[in-house]
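The values are calculated or read from the model by the stated rules, or taken from the named source; none is laboratory data. Here the structure is a predicted model, which means the values were calculated and not measured. Note: ideal-geometry Cβ built from the backbone for every residue, glycine included; neighbour counts use all protein chains shown.
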Ligand SMILES: [Zn+2]
């Protein structure tokens, strides 16, 4: 089981999910909504689009 308390933070608004080693599922492509997140319909994994790129932050 994936831990719903630990969302996957991604940098692109499109993600692919195929579950995990213990509970794989068919590969699906998910588009993050305007709200900035999407949940996988198969495993419920929560994907969050990161706000900007930390490595680009001004020093
Ligand atoms: Zn999934």
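Condition first: more than 9 Å from the ligand (Cβ to nearest atom) and within 11 Å of residue 15 (Cα to Cα). Now tell me which residues in the stretch 28-38 satisfy that. Give the derivation first.
If we filter the stretch 28-38 for residues that are more than 9 Å from the ligand (Cβ to nearest atom), which is where we start, we get 29, 31-38.
Across the stretch 28-38, the qualifying residues are 29, 31, 32, 37, 38.
Residue count for the stretch 17-32 satisfying the condition of being touching a strand residue (DSSP E or B) at 6+ places or on another chain (Cβ under 9 Å) and surrounded by 11 or more Cβ atoms within 10 Å (Cβ to Cβ): 8.
Among strands (runs of 3 or more DSSP E) entirely within the chain, having at least 3 residues that are modelled with pLDDT of 95 or more and more than 11 Å from the chain's Cα centre (by Cα) singles out 24-31.
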